[in-house]
Amino acid sequence: MIARKLRAFERNNDYDGSYVHELLALDLGAFLKFEAATKLGSFRKDVPRDVYFGATQTRTRRENLARILLSQSRIETGSANLTVGISK
């Protein structure tokens with residue numbers, strides 16, 4: 001059910017969530033912690049709307065850069081299953 005919701009999110013938002021699927025496949029507990037932590041990113045309380053969305057754009061760009069660097073690392077090392085920062 002979780003994977004199905006992830007795929008729907010990817011389709012609706014034109015988003016590549018392959019790293020999230022990889023985490024889900026490796027460790028459900030780690031995935032649930034990741035999901036809980038990402039919800040913290042939507043908390044803004046009294047932050048002005050324009051400041052909040054500016055920070056959101058910056059975060060998104062950093063996430064995209066991290067995914068590009070990870071892909072480049074996989075290509076350079078020849079490792080299709082390189083996993084960073086995840087322990088079983």
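The values are calculated or read from the model by the stated rules, or taken from the named source; none is laboratory data. As the structure is a prediction and not an experimental result, all values here were calculated from the model. FYI the Cβ positions are ideal-geometry reconstructions off the backbone, even for glycines, and counts take in every protein chain you see.
Restricting region 35-61 to residues that are closer than 20 Å to TYR19 by Cβ and of a type outside the set (S, T, N, Q) leaves a set whose member that is modelled with the lowest pLDDT is GLY41.
Matching residues to (1) among the basic types (Lys, Arg); (2) out of contact with any Cys (no Cβ under 9 Å at 6 or more places or on another chain); (3) not assigned by TED's automatic domain parsing to the domain that holds ILE2:
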position	(1), (2), (3)
GLU35	no, yes, no
TYR52	no, yes, yes
ALA55	no, yes, yes
ARG59	yes, yes, yes
ARG62	yes, yes, yes
ALA66	no, yes, yes
LEU69	no, yes, yes
GLN72	no, yes, yes
GLU76	no, yes, yes
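Residues in region 42-55: is at least one in contact with a helix residue (DSSP H, G or I) (Cβ under 6 Å, 6 or more places away or on another chain) and free of Cβ contacts under 8 Å to residues at least 40 places away in the same chain? Yes. Filter region 15-42 for residues that are surrounded by fewer than 11 Cβ atoms within 10 Å (Cβ to Cβ), among the hydrophobic types (A, V, I, L, M, F, W, C) and under 24 Å from THR58 (Cα atoms) and give the result. Across region 15-42, the qualifying residues are ALA36, ALA37, LEU40. Scanning region 5-14 for residues that are surrounded by 12 or more Cβ atoms within 10 Å (Cβ to Cβ) and either assigned to a loop (DSSP other than H, G, I, E, B) or in contact (Cβ under 8 Å) with a residue 60 or more places away in the chain (or both) turns up nothing.
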